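Okay, structure first, notes after.
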Amino acid sequence: MLENIRLSFQGIWSHKLRSILTMLGIIIGIAAIITIVSTIKGTNEQIKENLVGSGNNNVTVSIYQDGYEYEINNYSGLPSGINTISTELLDKISNIENVESCSVYNKRVDWGDSIFYNDTALGSSSIYGVDDKYFSTCGYAVSYGRGFHESDFDKKRKVVIIDSSTVTNLFDNTNPLNKVIDINNEPFTVIGVIEKKDTFKPVINSIDDYYSYVADSESGSRLYIPSTSWPTAYYFDEPQAVVIRAKNTDSMNSVGKKAATILNDAIVTSKSFKYKSDSAMDDLESIQDISNSTNTQLIWIASISLLVGGIGVMNIMLVSVTERTREIGLKKAIGARKGKILSQFLTESVVLTSMGGFLGVLCGIGLAQAVSKIANIPVAISIPASVIAVAFSMLIGIIFGLIPSIQAANLDPIDALRYE
Amino acid sequence: MIIELSNIFKSYENGKMEVPVLHDISLTIDKGEYVAIMGASGSGKSTLMNIIGCLDRPTKGAYHFDGSNIFGYSDRQLSDLRLNKIGFVFQSFHLLPGQSALSNVMLPLQYAGVPKKQRKEIAAEMLEKVGLGERIHFKPNQMSGGQCQRVAIARAMVNKPEVLLADEPTGALDSKSGEQIMELFGQLNDEGVTVVMITHEQEIASHAKRIIHIKDGCIIPDKSKEVVTVEES
């Protein structure tokens with residue numbers, strides 16, 4: 001086999017121009033496919049990054065009423081027909097494939113009428129009742145003060161952790177630690193300040209990108225109290241939400257949908273309220289659907305070039321068999337079995353097309369980079385696509401090399417020896 | 001008895017006409033013999049050669065090679081027989097042009113599945129034997145006709161066949177190179193190889209120990225070498 005491959009390379013080398021021309025069809029086809037896949041993958045990844053944020057694959061599953069996210073606040077009242085999330089249910093969610101961690105929390109949106117420090121009211125803000133896994137799941141770190149201890153949960157301590165926006169709005173940037181604030185008429189002591197670990201800087205190329213980024217980022221201050229203290233300030237049976245950290249960005253959508261289904265099946269009895277995962281992911285999916293279908297169409301067109309390339313290879317292999325009739329005759333006369341001749345020619349054809357495929361991948365990568373430079377489109381080289389492209393060109397070699405190889409193997413040695 | 005042909009008929013179909021080439025040929029060749037088959041062109045000697053060499057099958061008749069009837073052999077079995085038991089030498093050498101003498105001689109060893117390292121050794125040894133020890137890396141276009149034919153003989157003999165079949169081995173050579181080839185054949189025959197050679201030249205045929213004349217597809221009754229020389233003088 002190795003011998004055959006070496007001989008094939010020799011043969012290809014000795015007919016350089018012919019081999020290159022033969023490979024051209026394959027090279028162009030594969031290069032086109034790689035370029036298309038790379039640019040589309042690049043665009044997809046950029047969209048994904050802009051919508052979702054990088055490195056922090058969080059999906060929030062929360063309550064929606066008739067398709068709109070339901071804000072729990074002091075005016076709208078509590079939605080009915082939704083039970084609280086049990087630990088068993090949370091375990092079930094954390095066992096979904098590709099879930100790294102998950103946390104359950106309560107959330108209320110406040111419009112400046114229930115959170116005070118002395119006489120200062122906090123403007124628009126959100127207050128969260130969180131469990132011990134919330135900060136790690138969402139990617140927050142304590143920047144000063146301390147985080148929640150186990151005893152805070154056990155003893156239902158009235159302690160609160162705030163973000164830097166709250167420090168600015170409520171404390172005018174003075175040290176907030178150990179100050180006591182009023183949350184729904186209950187005194188809570190500030191024990192720490194948190195910030196997001198990985199600050200996310202989106203790639204913004206267009207106005208659309210900008211809006212999708214702005215729409216995604218929530219404004220307002222945030223405060224966090226232990227989930228066990230939540231009923232002290234609010235109600236114990238308020239509907240909760242779940243935040244999930246997925247193992248990778250691609251699985252976010254499926255993880256979110258599965259979690260929503262689990263929750264809806266288990267604890268929702270109301271018709272108008274449903275758990276749903278982040279809608280940003282849905283947008284992403286529909287954008288990807290569109291680009292995928294264009295993708296597929298373009299690849300079909302490029303495949304025609306591969307077909308033409310394959311026919312070119314077959315043509316040259318037939319010429320090569322005719323040219324080497326005497327060689328084939330001699331080899332058969334001195335005892336080469338049919339299979340040996342067949343594999344020799346088949347190897348040659350496969351080596352030819354795989355080389356074409358390999359060069360095509362290189363050209364495609366180069367072309368994709370050029371396109372990204374010139375047209376300012378992001379590209380991402382897909383390694384699986386490259387491997388598949390080379391494998392596919394091998395397959396073309398086998399398919400289109402088969403007829404010439406069979407023809408060679410079936411030559412009559414006497415006629416072949418006599419051939420001039 | 002290594003070659004035993006009994007009542008061999010061979011005809012080719014030419015359109016709807018049947019063109020007979022060999023008529024009722026019976027012939028036996030013993031191990032270690034040195035036989036020349038002589039005949040004018042069109043006499044059917046090449047066809048006979050192809051049948052002996054298992055490249056072609058007779059239309060009718062039985063052919064026993066080394067005791068076994070090859071009539072029922074598959075393509076694969078015939079290939080293996082040619083690989084291991086028969087060596088071919090052709091008028092126009094039929095060397096692979098792009099490859100060195102060594103790789104040309106290594107080819108049958110490759111088909112026989114000999115490991116590559118051994119292949120090189122055996123082939124180099126064989127080239128040494130035919131007097132080309134210094135030219136093993138030469139390509140056919142860098143060698144004279146006589147040297148090419150010696151490479152071809154080395155290739156034919158490299159799998160240690162029992163029979164060496166030569167089709168006009170000196171046809172493309174000058175008389176001096178031809179003589180050298182004949183010397184080599186004599187030497188191989190002395191080592192016990194059965195040599196069967198086709199020629200139309202009396203002088204070349206006279207190197208053989210037995211001459212078979214063929215005319216119009218029939219064997220003219222066997223003559224020993226002595227008889228031939230008597231007739232000529």
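Using the structure shown, decide if B:I153 is under 22 Å from B:A40 (Cβ atoms) and at pLDDT 90 or above. No: the conditions fail for B:I153. Of the residues making up segment A:72-96, those that are outside any loop (DSSP other than H, G, I, E, B) and surrounded by 15 or more Cβ atoms within 10 Å (Cβ to Cβ) are A:I82, A:L89, A:L90, A:K92, A:I93, A:S94.
Quick one: in segment B:68-77, of everything that is out of contact with any strand residue (DSSP E or B) (no Cβ under 8 Å at 6 or more places or on another chain) and more than 9 Å from chain A (Cβ to nearest Cβ), which residue is farthest from A:K331 (Cα to Cα)?
As a first pass, look at segment B:68-77 and keep what is out of contact with any strand residue (DSSP E or B) (no Cβ under 8 Å at 6 or more places or on another chain): B:68, B:72-77.
With the extra rule that they be more than 9 Å from chain A (Cβ to nearest Cβ), the set shrinks to B:68, B:72-74, B:77.
Values: B:S68: 24, B:G72: 22, B:Y73: 19, B:S74: 17, B:Q77: 15 Å.
So the residue we want is B:S68.
Say whether the condition of being within 14 Å of another protein chain (Cβ to nearest Cβ) and surrounded by 15 or more Cβ atoms within 10 Å (Cβ to Cβ) is met by at least one residue in segment A:299-321. So far as segment A:299-321 goes, yes, one or more of its residues are within 14 Å of another protein chain (Cβ to nearest Cβ) and surrounded by 15 or more Cβ atoms within 10 Å (Cβ to Cβ). Hey, among the residues in segment A:367-397 that are loosely packed, with under 14 Cβ neighbours inside 10 Å and part of a helix (DSSP H, G or I), which one's nearest to the other protein chains (Cβ to nearest Cβ)? Only one residue fits best here, namely A:A391. Of all residues in segment B:82-134, those satisfying the criterion of being more than 10 Å from chain A (Cβ to nearest Cβ) and among the small types (G, A, S) are B:S100, B:A101, B:G113, B:A123, B:A124, B:G131, B:G133.
Checking the conditions here, which among A:N185, A:N173 is surrounded by fewer than 19 Cβ atoms within 10 Å (Cβ to Cβ) and without any contact (Cβ under 8 Å) to a residue 24 or more places away in the chain?
Numbers: A:N185 fails: without any contact (Cβ under 8 Å) to a residue 24 or more places away in the chain.
Matching residue, one of A:N185, A:N173: A:N173.
Restricted to helices (runs of 4 or more DSSP H) entirely inside segment B:144-226, no element has at least 1 residues that are among the acidic types (D, E) and touching a Pro at 6+ places or on another chain (Cβ under 9 Å).
Scanning segment A:331-352 finds no residues that are in a helix (DSSP H, G or I), within 14 Å of another protein chain (Cβ to nearest Cβ) and touching a His at 6+ places or on another chain (Cβ under 7 Å).
Residue count for segment A:233-259 under the criterion of being of a type outside the set (F, W, Y), in contact with a Lys or Arg (Cβ under 9 Å, 6 or more places away or on another chain) and part of a loop (DSSP other than H, G, I, E, B): the result is 2.
Residue-wise test of (1) more than 17 Å from B:I212 (Cα to Cα); (2) buried (at least 17 other Cβ atoms within 10 Å of the Cβ); (3) in contact with a strand residue (DSSP E or B) (Cβ under 7 Å, 6 or more places away or on another chain).
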residue	(1), (2), (3)
B:I3	no, yes, yes
B:N14	yes, no, no
B:I29	no, yes, yes
B:G39	no, yes, yes
B:G42	no, no, no
B:I52	no, yes, yes
B:Y63	yes, yes, yes
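Counting the residues of segment A:291-315 that are over 14 Å from A:F392 (Cβ atoms) and either at pLDDT below 85 or not hydrophobic (A, V, I, L, M, F, W, C) (or both) gives 11.
The values are calculated or read from the model by the stated rules, or taken from the named source; none is laboratory data. As the structure is a computational prediction, the values presented were derived from the model and not from experiment. Glycine gets a Cβ as well: all are built from the backbone with ideal geometry, and neighbour counts include every protein chain shown.
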